[in-house]
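Below: the structure, in structure tokens.
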Amino acid sequence: MIITEMLVSSLAVLATLCYASYLDIKDRRVPFRIWYPMLVVGIPASVWLLYMKTGNLSLIAGYLALIVSFFYANYLDSHEPGEPFRFEYLAITLLLPALAWLVLPAPFMVTLVPWYAMFAGIFSYISYITWKRKPEGKIKSNRKVKESNVEEALNRWYFVLVVIILAITSVLLLFAGNWGTPALFVLLPAVFCGVFYLFGRMHLFGGADAWALIFISFCIPTFPFTPLWGNTPLGFLAFSVLINALLLNLVAPLAIFAINIVRGNRAPLMYMFFGFPVRGENIQHEWGFVMEDFEDKKDVVSRKFIGFFDSIRRMYAGEDRIYTKDLREHPEKFTADLAMYKKAGTVWISYAVPFIIPITAGLITAIIFGDFLLVLMKLFVSGV
């Protein structure tokens, strides 16, 4: 059976992802407005699907509350000090879960009251410290430094609590019978999207890649039709898209390793799969992250590969990680580095195929064929 709403939404998502992939290849940047077309089609399609399948207004409000929570968190994260604060966004963010958890469910569930109070309290407090934050600089005391550190920690991690609350309330409404099994339309995206939103905030995942997976989850919460190799147990399309994208993306490291072997490039085994050497004088014309640290010791260039955990630390901190795009666009900031690269002769950089391309391929294959991992597991079990 074809679910028309999800089929229409899938086409809108696929068209948007193709254009986003083009921009990511061309400029290594995907403006947030690029996602609007798929959201304009996909979110109403998902709402209509929930209405036609369940007629449960509480569930629909919960689904919208989930989406609005992510949009409002993004608004808080990107809000610049000194800009006018839109308190109406906060009002909408607090209104939708109030309708979903407290007003529309019948009978009224007292157990949801403290969870809503925590949800409202967290967002209200983060909104307050975002609103009162001043432009950079002028910290005059250790006390203010400590307060700033506390606020920074809250701003970084508060959304973990929000996601947990969204997940718990979905479970409570599921088992209470108010939402039933359709609560999975809120529960699964809450956990899945929460993980990738936080990965994006921690610089462990590309921002455009994270938003692509989040918006796929919102716009196509289930398969538009049964794939050729069968549906998944929960029918959650976004997870299958991720799995297929990861498996398809394995082709690139294997190809890079083969090319390095053929060309005679030598490095520790791990780096042979994820990078390749380029001429230091041409590094600005390449795409990727520098995989080595250099030091000039008495006119002799000392070099070492950046370790795995050090690389993760730099990604998380968002610093000390040199991107060739930055070398090209802001050479004045990297004069010493560019001189060092030329002196070194060659520099190892990581390959830079935007992950949004495997995501797009993962979406196509998941819709048509199904979940690759599930198929492999079935083959393994039948073979055993």
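The values are calculated or read from the model by the stated rules, or taken from the named source; none is laboratory data. A quick note: this is a predicted structure, and the numbers were derived from the prediction, not measured. Virtual Cβ from ideal backbone geometry, glycine too; neighbours counted across all protein chains shown.
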**Asked** Quick check, is Arg28 on the phi > 0 side of the Ramachandran plot and either surrounded by 17 or more Cβ atoms within 10 Å (Cβ to Cβ) or modelled with pLDDT under 95 (or both)?
**Response** yes
**Prompt:** Are there any pairs, at least 6 apart or on different chains, whose C-beta atoms fall under 7 Å, with the first in region 350-370 and more than 19 Å from Arg28 (Cβ to Cβ) and the second among the hydrophobic types (A, V, I, L, M, F, W, C) and outside any helix (DSSP H, G or I), and if so, which?
**Reply:** Ile367/Phe223; Ile368/Leu228; Phe369/Leu228; Phe369/Trp229; Gly370/Leu228; Gly370/Trp229
**Complete:** Residue hits (region 150-198; surrounded by fewer than 16 Cβ atoms within 10 Å (Cβ to Cβ) and of a type in the set (D, E, K, R)) are Glu152, Arg156
**Fill in**
Condition set among the β-branched types (Val, Ile, Thr) and farther than 22 Å from Phe334 by Cβ, scope region 259-318, selection modelled with the lowest pLDDT: answer is Ile312
**Request:** Identify all residues within region 335-360 that are in a helix (DSSP H, G or I) and not charged (D, E, K, R); write none if there are none.
**Result:** Thr335, Ala336, Leu338, Ala339, Met340, Tyr341, Ala344, Ile356, Ile357, Pro358, Ile359, Thr360
**Asked** Going by the structure shown, is Val40 buried (at least 16 other Cβ atoms within 10 Å of the Cβ), at pLDDT 95 or above and farther than 30 Å from Glu152 by Cβ?
**Response** no
**Request:** Report yes if some residue within region 208-216 is touching a helix residue (DSSP H, G or I) at 6+ places or on another chain (Cβ under 9 Å), at pLDDT below 95, over 27 Å from Lys378 (Cβ atoms) and not in a helix (DSSP H, G or I); otherwise report no.
**Result:** no
**Message:** Can you name every one of the helices (runs of 4 or more DSSP H) wholly within region 230-328 that holds 2 or more residues which are small (Gly, Ala, Ser)?
**Reply:** 237-249, 251-263, 308-317
